[in-house]
Amino acid sequence: MQHKNLKKSYKFAVRTSLYVTLFTTLLVSVFLWYYHTFNWQVVFFPIVCFVLCFIVVQYRVERFIYRRVKQIYDDLTLLESTTLRQQPITTDMGTLTREIDKYARDKKLEIETLKVREEYRKEYMGNISHELKTPLFTVQGYVLTLLDGAIKDPKIRDKYLNRASKGVERLIYIIKDLDMIAKLEVGDLLLNKENFDIVELVKEVFDLFEMKASKKHITLTFDIDYTKPIIVNGDRERIQQVLTNLVVNSIKYGRGKGTTEVSIESLIKNKVIVRITDNGEGIAKENIPRLFERFFRIDKSGSRKEGGSGLGLAIVKHIIEAHEERIYIESELGVGSEFSFTLEKAE
């Protein structure tokens with residue numbers, strides 16, 4: 001057993017000795033005065049009484065209280081890894097009570113945190129299982145159908161092989177996104193920072209998804225006409241991925257005949273903020289804190305009609321944080337949403 005230091009406290013012994021001394025001195029003084037034997041030597045009595053009482057009381061405290069407290073510390077092996085274990089054992093009951101109360105509060109908070117994490121783990125495992133099994137079962141179904149004889153029909157064979165290929169592509173897409181998040185979290189994914197024009201990059205993203213937006217009659221636009229380039233420093237490919245995910249999300253959940261607007265504003269001398277605003281469905285306040293979790297979907301029905309891996313916003317958050325920047329969201333249900341993130345200006 002690890003040796004423990006004793007943090008002695010004499011408060012209890014001092015106060016108890018003082019009370020006993022006062023009481024006995026008063027009693028002896030009254031007794032001596034009554035029998036007319038009171039003299040100046042009686043002044044030594046309180047001193048002797050106090051010293052003797054202090055020694056006896058402190059000894060009894062250490063023998064019967066401290067030893068039992070020490071046994072409690074020894075028995076509670078759970079305290080081995082806590083700060084309480086590292087503190088010297090005290091004979092002061094007030095201090096001990098405060099330490100135990102603090103330990104209990106810390107443990108309660110730790111247990112509640114573990115419960116939240118366990119619920120998150122269960123939900124996460126359920127989500128990832130659902131995301132993977134859907135394309136897996138799809139591929140399995142088409143392959144089994146082909147093995148049962150459909151492969152002999154060229155039209156069905158080509159049709160089912162094409163659909164199975166799309167299912168495999170979806171699996172690869174999900175796995176690649178998971179791999180990217182894992183690398184971003186541990187810092188293994190190195191950023192290739194360079195200077196580039198963020199206005200030009202936004203235009204490229206608009207061009208990529210112009211047809212997708214036109215199907216829902218959504219207009220992709222800037223807030224103003226940017227005639228001059230705005231040069232920022234970052235990983236161009238990763239920032240394009242961020243813009244792609246945010247623009248695609250605004251199209252997916254935007255209203256027909258709506259707009260997706262991008263604005264680029266200077267914050268301070270060396271920072272710009274990029275805003276992606278839409279007038280779509282919006283997000284309820286209770287869902288905003290979990291929006292960047294992996295596989296978290298606002299639609300609890302499990303519908304996948306909008307596609308995607310469910311990892312887009314999680315990747316966005318990790319990429320922005322890898323740049324040591326911040327991402328923000330403001331949204332109102334039924335009104336629309338605004339995602340924004342900061343970037344460093346090029347020198």
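Output yes when any residue across region 187-199 is within 26 Å of G336 (Cβ to Cβ) and of a type outside the set (F, W, Y), and no when none is. The answer is yes; a qualifying residue exists. Considering only region 1-36, how many residues are open to solvent by less than 70 Å² (accessible area, probe 1.4 Å) and either farther than 30 Å from F64 by Cβ or modelled with pLDDT under 75 (or both)? Going through region 1-36 one residue at a time, the tally reaches 5. For region 298-316, a tally of residues being buried (at least 18 other Cβ atoms within 10 Å of the Cβ) and at pLDDT 60 or above returns 7. The residues of region 134-162 that are within 26 Å of F295 (Cβ to Cβ) and surrounded by fewer than 13 Cβ atoms within 10 Å (Cβ to Cβ) amount to a single one, F137. Within region 183-206, the residues that satisfy the criterion of being within 13 Å of V262 (Cβ to Cβ) and either modelled with pLDDT under 90 or open to solvent by 50 Å² or more (accessible area, probe 1.4 Å) (or both) are E200, K203, E204. When we screen R63, R85 for residues that are at pLDDT 70 or above and either more than 30 Å from R294 (Cβ to Cβ) or of a type in the set (G, A, S) (or both), the only hit is R63.
The values are calculated or read from the model by the stated rules, or taken from the named source; none is laboratory data. Given the structure is predicted, the values throughout are model-derived calculations rather than measurements. Every residue, glycine as well, gets a Cβ built from its backbone with ideal geometry; the counts of neighbours run over all protein chains shown. Ligands, DNA and RNA are stripped out before the accessible areas are found, and what is left, the full protein with its side chains, is counted by its heavy atoms. Shrake-Rupley method; radii C 1.70, N 1.55, O 1.52, S 1.80 Å.
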